[in-house]
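In what follows, a structure is listed as structure tokens, so that the remarks can point back to it.
The values are calculated or read from the model by the stated rules, or taken from the named source; none is laboratory data. Every value quoted in this text rests on a predicted model; they were computed, and no experiment measured them. Please note: Cβ atoms are built from the backbone with ideal geometry, for glycine as well, and neighbour counts cover all protein chains shown. For the accessible areas, the whole protein counts, side chains as well, though only heavy atoms, and no ligand, DNA or RNA atoms are used. Shrake-Rupley method; radii C 1.70, N 1.55, O 1.52, S 1.80 Å.
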Amino acid sequence: MCIRVSFIAASYLSNAANIQLDSFPPPLSRAFFKEEDHRIRMALAIALGKTASPTALNVLTNQLKLAQDYRLKAVILRALGNFEYRDCRDAVVEALEDAQLPVSVRAAQFFLDFGSSSDATYYWRLAKDTLPWQTQLTLYQATQKHLPGFYAQYRGSINNELIRRFRQSDNLYEKAKILDVLAEHGWNYRIIYNEGNSSESPIVKTAMMDALQKIAEQPDFRRFFGLGTRRVEREL
């Protein structure tokens, strides 16, 4: 089969919605290992993920360790979102230390997208490891998103770490990301405004406005802020 036809077929399997692939792990696995074109392999990785089968999980987690192409690794991490969180957590944790930045950040993004409240403080511990700042802050973001509401003491400590990091950093893009991380918890809106407004940088001020807009537009705004809703609306 020519590459063009193979690419179209693989793209269909990866992009089509509501497609049943649970009976196709063996042929998809064979095609994945046989294929040399990286574009087709990436599409097949997504298709394998859609099967959500043990066979596919084994193939994808092994390739996450063995593959050299950062694009394929990033796609595999995306595909792992179809599986039970506990079944692929350890493989994703290992990918956090990948030498290729896009892979490391995508692994952290997995925890932001698919993480568990029971692992929220674990993401916080991982964020303190020697990792790229982009990966660290995405792990902080996963912590903020998934941390249970009754962990108020943890929340205060996390915010203090982020504020201290914001004030000490000379990297404007890191500062901007920190404001985005803080926006994962709506009650941080005053912190975001006070820290962001203290900067002269358009990059940071724009990030501040984006973060405040993110809070203002969160779907559960009224439920989240409860009796404080009208006050928060006025302040925003």
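Given (1) surrounded by fewer than 22 Cβ atoms within 10 Å (Cβ to Cβ); (2) in contact with a Lys or Arg (Cβ under 8 Å, 6 or more places away or on another chain), where does Ile178 come up short, assuming only one miss? Checking Ile178 against (1) surrounded by fewer than 22 Cβ atoms within 10 Å (Cβ to Cβ); (2) in contact with a Lys or Arg (Cβ under 8 Å, 6 or more places away or on another chain), the one that fails is (1). Scanning segment 53-102 for residues that are of a type in the set (A, V, I, L, M, F, W, C) and open to solvent by 80 Å² or more (accessible area, probe 1.4 Å) yields a count of 2.
Among the residues making up segment 103-120, a single one is farther than 23 Å from Ala79 by Cβ and open to solvent by less than 30 Å² (accessible area, probe 1.4 Å): Ala120.
With respect to the conditions (1) open to solvent by less than 60 Å² (accessible area, probe 1.4 Å); (2) out of contact with any Leu (no Cβ under 9 Å at 6 or more places or on another chain), Asn159 falls short on a single one, namely (2).
If you filter segment 139-155 down to residues that are touching a residue at least 24 places away in the same chain (Cβ under 8 Å) and either part of a loop (DSSP other than H, G, I, E, B) or touching a strand residue (DSSP E or B) at 6+ places or on another chain (Cβ under 6 Å) (or both), you find that the one that is surrounded by the most Cβ atoms within 10 Å (Cβ to Cβ) is Leu147. Is one or more of the residues making up segment 184-204 over 26 Å from Glu235 (Cβ atoms), modelled with pLDDT of 95 or more and assigned to a helix (DSSP H, G or I)? No, that holds for no residue. Under the condition of being outside any helix (DSSP H, G or I) and crowded, with 22+ Cβ neighbours inside 10 Å, the residues counted in segment 32-52 number 0. Please list, ordered by first then second residue, the pairs with beta carbon atoms under 6 Å, 6 or more apart or interchain, first in segment 35-61 and under 22 Å from Arg4 (Cα atoms) and without any contact (Cβ under 8 Å) to a residue 40 or more places away in the chain, second of a type in the set (D, E, K, R) and not in a helix (DSSP H, G or I). Qualifying pairs under 6 Å: His38/Asp69; Arg41/Glu35. Starting from residues that are without any contact (Cβ under 8 Å) to a residue 24 or more places away in the chain and either touching a helix residue (DSSP H, G or I) at 6+ places or on another chain (Cβ under 8 Å) or not in a helix (DSSP H, G or I) (or both), keep the ones in segment 93-123 and report whichever is nearest to Leu60 (Cα to Cα). Applying the filter and picking the extreme gives Ala99. So is Phe166 of a type in the set (A, V, I, L, M, F, W, C) and not in a helix (DSSP H, G or I) or not? Spelling it out, it is not the case that Phe166 is of a type in the set (A, V, I, L, M, F, W, C) and not in a helix (DSSP H, G or I). Candidates in segment 128-137 are the residues that are without any contact (Cβ under 8 Å) to a residue 40 or more places away in the chain and within 13 Å of the chain's Cα centre (by Cα); of these, the one that is most open to solvent (accessible area, probe 1.4 Å) is Gln136.
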